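Report on one structure; see the data block that follows.
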Ligand code: NOJ
């Protein structure tokens, strides 16, 4: 496969609004394609797969961290914000990747991780060396401990992936690490930190990057009182006040206003999307035009496969973006959660944390409590519905193959700090969605590379490889390609009209301008479709009826 001359009209290089309704495909670089045969994905591997990305019909790639990193958290522990991890590639290869993607009509969004750096970052090492009270230490959040000799942590706070949030250094002080002890939180009240991230934004924007995905965007600014509340007390504080000591403080928007000015120095302005876990009304601030411009909503990802929940999530988010001037973001899978075909094969979440579903997974064969086939059919239906919504859609690598979560990774091959600290996904962690992609039906790592992949792949990956699915017109890959091609043809204004005559407890129907109609059957029984041209269905029609757990796109 080679790059087909891009449809430059579609790319519209100067379009400032390109992100509003884009399909963005997330690449977790260490698990996408391994060109140098060391078992770890790399930039050359991605470059070699640009024709594949182009054949999918996506608009942009979001590249998860590829920076030098000790990999204490899959690269979200950055040791140098302005370089490429030598195991992944070089800056020259990064430039080649940008050029290859642009030639293929695909934009590039990179991940930026501003809440914390790796403890191996030179600034953190300098902070350790310079000692208490120094300017170097002020770039992070250091405190004296409690107890007679400061031998107790400043508070009993728990890190996001389990374990204590404070770590003691040799001279007795403690530093804050909201996720792991290898990820030290920056002090965003320090001007060096603010300035350095502006330099980083310019560094990548100058290299042709089109946008940024901002990791835990609501965490950056903190204000810790002298007497720290207990962990129990922290959770009683109002998360929506804008004055919470640890997150979503109003001052964080000063940071993003400054970022926006830098992003607007470029033509077209660079886009940015905030990863936030805040209430919907507070999300709008991150998405405002003088802020980052767009914010993730994970509401669809947290919902069960249920018509009422989907409708409520969609309506709320469309109302919200109407008020912020942004466009909505839709996500069903990413590198942090159980893949959506697996989630949808589990008993309903009923509001439980989406990650808890992993406890049920027994990869390879339906196990008690999970129906893999039902999960797959629902996933295809939900994906088509998502792709029919106004706004941008974020896809996660491998979902186009309909991959299920890999549940049975032996402990010695797991990498996620959450697995070792018991802090996420009921202790299983997130490796099950980060297993390297299968490209071919055979080979040491199913075409991922020449070597055994850095997280072991299950034998069933052969049947869901790109090679296997390209030979099957009914495959998930074929469906994604058809859906993305049609979406590009059909999507127009960012509007949606509910078709109440066709909707019900288990059916959701809506129309987009120009006569594009989406009908999703969330129930088990087939339903009749209106008299219109059927463009695509997620499962074959049954005697002309839309089967259970299926979506149809029609032209009205
Ligand atoms: C959110 C990222 O998506 C996740 O993978 C990471 O572990 C945390 N932020 C910490 O950076």
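Here, each number is a calculation from the coordinates, and none is a lab measurement. Only a predicted model underlies this, so the values are computations on that prediction, with no experimental measurement involved.
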Length-normalised contact order for the stretch 122-185 - Cα pairs under 8 Å, 6+ apart - percent | 26
Taking Cα pairs under 8 Å and at least six residues apart, what relative contact order does the chain come out at, in percent?
-> 13
Over all alpha-carbon pairs of the stretch 495-555, lay out the pair-distance distribution in 10 Å bins, whole %, shortest bin first.
-> 25, 60, 15, 0
Reduced Cα scattering model of the stretch 122-185, Debye log10 I(q)/I(0), q = 0.20 Å⁻¹ = -0.72
With 20 Å bins from 0: P(r) over the chain, alpha-carbon pairs, percent = 21, 57, 21, 1
The convex hull of the Cα atoms of the stretch 168-209, divided by residue count, gives a volume in Å³ per residue of 108
Value of relative contact order over the stretch 174-259, rounded to a whole percent, pairs C-alpha under 8 Å and six or more apart | 25
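Regarding the stretch 413-556, what is the average projected area of its C-alpha convex hull, in nm²? Provide the component values of the computation, followed by the final result.
Working: hull surface 48.3 nm².
Averaging across all directions leaves 12.1 nm² for the Cα convex hull.
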